[in-house]
Structure formats: C-alpha cells, structure tokens
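Right, one structure below, let's go through it.
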Number of protein chains: 2
Amino acid sequence: MNDTAPPPRRWVAMQDVAAAAGVSAITVSRVLRTPAKVRVETRQRVEAAIQALGYVPDRVAGSLSSRESRLVAVLISTLAGSIFATTVDGLAQTLRAADHQLLLGTTEYSSASEEALVATALGRRPDGIVLTSGEHTAAARAMLASAGIPVVEVWELPEDPVDMAVGFSNLEAGQAMTRHLHAGGRRRIGFVGSGRLPVGAGDGDRRGRLRLQGYGAALADLDLGPPRVVREPFEGSMVERGARGLATLLERWPDTDAVFCSSDSVALGAVSEARRRGIEVPGRLAIAGFGDFEFAGASGLGLTTVRVPGHAIGAEAGRLLLARKRGEPVDTRIVDLGFEIVRRATA
Amino acid sequence: MNDTAPPPRRWVAMQDVAAAAGVSAITVSRVLRTPAKVRVETRQRVEAAIQALGYVPDRVAGSLSSRESRLVAVLISTLAGSIFATTVDGLAQTLRAADHQLLLGTTEYSSASEEALVATALGRRPDGIVLTSGEHTAAARAMLASAGIPVVEVWELPEDPVDMAVGFSNLEAGQAMTRHLHAGGRRRIGFVGSGRLPVGAGDGDRRGRLRLQGYGAALADLDLGPPRVVREPFEGSMVERGARGLATLLERWPDTDAVFCSSDSVALGAVSEARRRGIEVPGRLAIAGFGDFEFAGASGLGLTTVRVPGHAIGAEAGRLLLARKRGEPVDTRIVDLGFEIVRRATA
DNA sequence: TTGAAAGCGGTACCAG
DNA sequence: CTGGTACCGCTTTCAA
C-alpha cells in the first residue's frame, strides 16, 4: 500500500534455482519429478542449489499446470465428540504415505449447507473427496458426480452411493444391540438419543436416526411393544444429555428395564444418572452405548457398547481413493467393515 | 493411457461463463469478487450463466494469480486422543467465517520429521500456519520465518515464539495441580505419564514433559522429597497405560498417597486399577488428571483435573492469523488463555 | 539429456 | 463500467 509496507512475500522460485545451477527451469522440474531423466552430475548441481536456496516447490502452480492437486477433501460435521477423529487420522495416514494432503471442511451444524461446503471444496480441485454423509441434495450430488473425481461416503452404506462407500450398517447395529438386550432378558427397552438439531442445520445425525430405526425394527420383530424414545435437545454436553435423557425416559416409562443410547457419552451420562438415583445397573436397568470410546472399557464403568472401525474406515477410504485415481479397477464400490457388540458390565 | 480411458476431467472455466454471458472473462471475475463494480444488468446475466453452467471458480488458479490462497495449514501430531480435536474445530469455525480453508497435516509420531511436514505445508502456499509444537529444528524455524506468513504456535507458550503463540503454561499447570494435591494433605505425590516415544518419533509430548517439570518444581518447592515418576511405554490405550502405570508406581513406592496423571484417560485407567485393588480413592489415594475430557465430570468418576481452553485456543489462533493477514497490528504476540483446576471427587 | 514455447485458469494493471 | 494484456510458477509437448 505504501513505501513502508512490509516487503512483499517472495518465495524462491524454480527459476531462481535454475539460474543458480546454470540450467533451465524445466531441468529443475525434472530433478524433482523424474530424477532418472537427468544426468547425475547435473542433478547434483541442481540439488545443491535447491538446498542452498531452501527452495520449496510451489504446489499451487504445480497443481494448476499438471491438473493434479494431490489434495483430498474431507467433509465432516465436527471433529469434537471424537466420532470422526480416528477416521480422519486413518485417512491422513494413508494419504500421507502417498504424498497427498488433506483439506478439512467442517459444517459445525451451521446453516451453511453441505452444498456450499462441497462447492468450496471442489474449488480447490481436489483429487478426491470423502464425506461423512450419505444423504445429499440433488445439487450436491450433481456437483459431486460431475466433478469427475473419486467420491467416498463413509460411516454409512447408502443404497445408492454417489461413487463409493465405506462403513457399516447403522441400522443393523441398532438392531443387533436391541436384540442383544432382548437376549439378556430385557423386554421394556428404551432409546435415548441426542435429539433434533438447531434450525437450519443439515442432516445432523442421520446415522443416529438409522440406529434408532434399527432399534424400532428389532422391537417390532421381537414383539416388544411400541418404542420408547427420548431425544434430548442440543444443550450441554453429550454426557449431560444422557443424564437428562434417562430421567425423561424413566418419567414417561417408569418400568423400562434397558436403554440403548446413541453414543457412549450419552450412555455414560445415563449410567451416572442411574447411580445417582440408586438404580442398580444392570440389575434393574441395562444400559448400552455406541462407539466404544476410550473410556467405555474402564473398569468401574464397563460399558456394553458397539465397536465401530473408525480408523479402518478412514484408511480404506484413502486406499480406494488412491486406487481409483491410479485408474485401478475398484470392484467393490461398497465396503462393509462391520461392527461388533462389545459385551461388558452394564448390559 | 488408451482410447477407452475415461474422458479427461473437464471443468467449466471462467471463459466458458464469459462466453455464455457475452462478456469477457475479467467481467466474470469482477462479478465474483467486486460485484459493485459491474452494472446490475450485466451482473445478472453473468450470474445466470454461472448458475446455468454450474461454474465453480478454480481457486488453484486464483491463488496462483492473486498470491493469496485463503488456506491455513494446521500441523498436529494426531487427532485421536481428542486433545487437539476441539482446537482444530475452533480454528475451522473462525476461518470458515472468513472464507478460509484448513489444510490438515498430522505426524502420527511417524519418522517424518516436523521439518518435512512444514515443507509440505508451505508448498501449498498457505496464508498462515498453526503448529501444536513449540520446539522446532533450526531448519524448520528458518523455513517458517522466511515464509513471510503469520505463524501461531498453540498449546504452549514458548519463550521465543517464531511469531505468535496461543496457549497456557503447561509447567504452571503441573505445578498448580501438584500444589492442589499438597493442599489436600498429600505428601507422597507421584506422576504417571505415557512415556517415551517409538524410535524416530519427533518431540512427542513436549507439553506432557513440561507438566512433569512443573510437578518436579512443585515437589522441590514444597520439600516433598524426590519425584516418583512412572512413564508407561506406548502400548495399548491411554487408559491401559494408566492402569499399568499405577501398578508400577505402587510397586516402586507403595506409600504413595496421590498421583497426577498426564491426561484424563491415563487417570481413568489409574482410578480403575485402584478400584480393582480395593484402594480407596481419594481416601487412601488421590488421583488427578489433565484435560477435563468429556467423561471426567460423570458422576461415579468425578475426576479432579485441569481444564484447558482447547476450543478457545483454536478460535484465538484463527483470529490472530486473520488480523495479521489483514495487516492489523497484533500487540500481544503471546496469548495466555490460562487453565483451571477442576476439583471433583478423586482429589 | 536438455531446452524453448505454450499453456493451466485466474487476477492485476492500465486503457478506453 | 468494461476489456486487453501480461503474468503468477510450474508442467506438458515438441525439438534439438
């Protein structure tokens, strides 16, 4: 803006390295990308110049020119709550091994639609995209499909994936846990989830709803009467919602003898509330969670829950993405990594 | 590769929109960036063309041309363990409001040095960079300094930050909790951390070491004798390490009456192990954690711990970054967001 | 094995 | 208010 402004950013460009090494820019490029095509002696001179100048290739320019960004976009609702953290970690690991980077987009349940998020991500011209949502607006689907890049939907198994999917059946998971509770002798089984989203939010917890649906289906199958569902509004922590949720559940259906919670955090709150009220767990009330969070296995809690392969989902998504990018045929477009009922003390 | 290869990616380019709207490319650019400078009628025509063609501006090209990427790199060790997840969330939120995106880099304790990670990140020409490490190699520091972009180190308060820092004093936190235990009448205080890193790993848990140092300093100040430290190797989950760590601690120093753990997960493991052994908590043994994880406050556990402003750290880092990018003067280069001792049942 | 030239898809700058 | 033109830093293609 004026003459005392800080010096403009100045990066060492490939041209500078070339000049220093007494070669042309393209030769520097070759040293970096196809070293075998450059005479050893020349290469060493260039490498020395790179070192001396501290040259870091500009991937923005490189991406534009080569039409390959080596960038993969991940779109999730939030990192907090630790549901997706392991998946992102797994993805990052797999991608780093192939020298690809991660572009992270979070919605935070903001009113910004997934559509806007997808557009923003595609603007970076990623080589692939990973979504934790299996439900999209028509416009979003269209953008994704026409982008011409591999798309992986994770954490669910959509019937009609945009492209590929890696996850497990949330519906079956809900069913399985409900059956497990039934097998343990329970007949009046409730469900506590963390309820509706704020106005304007996106699909929110579609996976949670699928599990709830599984619970409902199992109740019907087993002829256990109408569902007993409490959905706590978005206030306070998940643990607090679990505590409040159990209170509400018992108020409405005092004879409930088991609760399936939408996550381990919610379940922890429910267990706490039960203890507070002197309700014996699992004696009088069985409690089950979902996710097998770090704390679930701790003795003193021993939460019965559903273990899901979060890290593996990310790793597999990365593998699929890279395979497709290389043009390798991907036969299984939908990868079911399953889940596992972990039976502990509370149910 | 061959004639049956999939059609090459073809994006709608600005030129296409321009042609459809009967204007020049630069006018399309103006409609997108400075709409006020375009006549309403023209603008509407262009906007219609954008809609019709589903045009998504290429930010790669835009970044190269404008020398502004609107990308911020975050370099962390891992997302799992939920230590940094909230910080990344906070950062993402702040940045999204300013239409900036996040480039995520994780080390996963791999042998890839932070140096390599920094170079990779800088190659994307980010407008700023956030690091969860306050210790860097000379080369890394040099790269960061010469990049000419704002740099924020988070989760610690380095004496000599590369540029800016947002966090709290881990050393003081360690000291404060030790003093708290002392104030509660404890005199034989131990420390359980999750120990040494695998060979080739980076700085690992420098912050943990700082807390350990604070513990040591407090012991000396209070004249509580030599430190009793157990560092569990990297095997199994944090919770398991906590359980094993407590066992080791009690084996070496059976009369220990308090333990400060490097994280709430470790503390949870310690509490579990204590219960398993019939050791009364906090009667015979006080246990304190660090982090105030989601499960810490659950009744039935009531873990005494240190609460740290993870989300706020990310948000503030984002704010500083954006302010500096805008050229606004940033007076406080080091922002101490503090910590808080949360006194609950276990100590 | 090396280089020259022509873009990649936008934006800055200067005219009109 | 709109357009022409150069150019961002690298890679592709074609020649030598």
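At a glance:
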item	result
Residues of the stretch B:46-67 satisfying the condition of being among the hydroxyl-bearing types (Ser, Thr, Tyr) and more than 9 Å from DNA strand D (Cβ to nearest atom)	B:55
Residue in the stretch A:5-12 that is more than 7 Å from DNA strand D (Cβ to nearest atom), touching a strand residue (DSSP E or B) at 6+ places or on another chain (Cβ under 9 Å), open to solvent by less than 70 Å² (accessible area, probe 1.4 Å) and not hydroxyl-bearing (Ser, Thr, Tyr) present	no
Subset of the stretch B:58-74 that is polar (S, T, N, Q) and touching a Lys or Arg at 6+ places or on another chain (Cβ under 8 Å) - its residue that is farthest from the other protein chains (Cβ to nearest Cβ)	B:69
Lone qualifier among B:338, B:278 - being surrounded by fewer than 16 Cβ atoms within 10 Å (Cβ to Cβ) and touching a Phe, Trp or Tyr at 6+ places or on another chain (Cβ under 8 Å)	B:338
Criterion violated by residue A:164 - all others in (1) at pLDDT 95 or above; (2) within 12 Å of chain B (Cβ to nearest Cβ); (3) touching a Leu at 6+ places or on another chain (Cβ under 6 Å) satisfied	(2)
Tally of residues being more than 9 Å from DNA strand D (Cβ to nearest atom), under 24 Å from residue B:68 (Cα atoms) and away from every other protein chain (no Cβ under 14 Å) across the stretch B:18-45	1
From B:82, B:77, residue being more than 13 Å from DNA strand C (Cβ to nearest atom) and either away from every other protein chain (no Cβ under 13 Å) or more than 26 Å from residue B:123 (Cα to Cα) (or both)	B:82
Flag if residue B:256 is hydroxyl-bearing (Ser, Thr, Tyr) and under 14 Å from residue B:279 (Cβ atoms)	yes
Answer from A:319, A:231 - the residue that is surrounded by fewer than 24 Cβ atoms within 10 Å (Cβ to Cβ) and assigned to a helix (DSSP H, G or I)	A:319
In the stretch B:72-88, the residues that are open to solvent by 10 Å² or more (accessible area, probe 1.4 Å), more than 8 Å from the chain's Cα centre (by Cα) and hydrophobic (A, V, I, L, M, F, W, C)	B:80
Residue satisfying all of: in the stretch B:13-57; near DNA strand C (Cβ under 6 Å from one of its atoms) and buried (at least 20 other Cβ atoms within 10 Å of the Cβ); nearest to residue B:127 (Cα to Cα) among these	B:57
Selection status of residue B:96, facing chain A (nearest Cβ under 7 Å), farther than 18 Å from residue A:89 by Cα and not aromatic (Phe, Trp, Tyr)	no
When residues of the stretch A:260-293 are limited to those that are out of contact with any Asp or Glu (no Cβ under 8 Å at 6 or more places or on another chain) and in a strand (DSSP E or B), the one nearest to residue B:299 (Cα to Cα)	A:287
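The values are calculated or read from the model by the stated rules, or taken from the named source; none is laboratory data. Note that the structure is a prediction, hence the values are computed from the model and not measured. All Cβ positions, even for glycine, are placed from backbone atoms using ideal geometry, and neighbour counts span all protein chains on display. These accessible areas exclude ligands, DNA and RNA; they are computed on the full protein's heavy atoms, side chains included. Shrake-Rupley method; radii C 1.70, N 1.55, O 1.52, S 1.80 Å.
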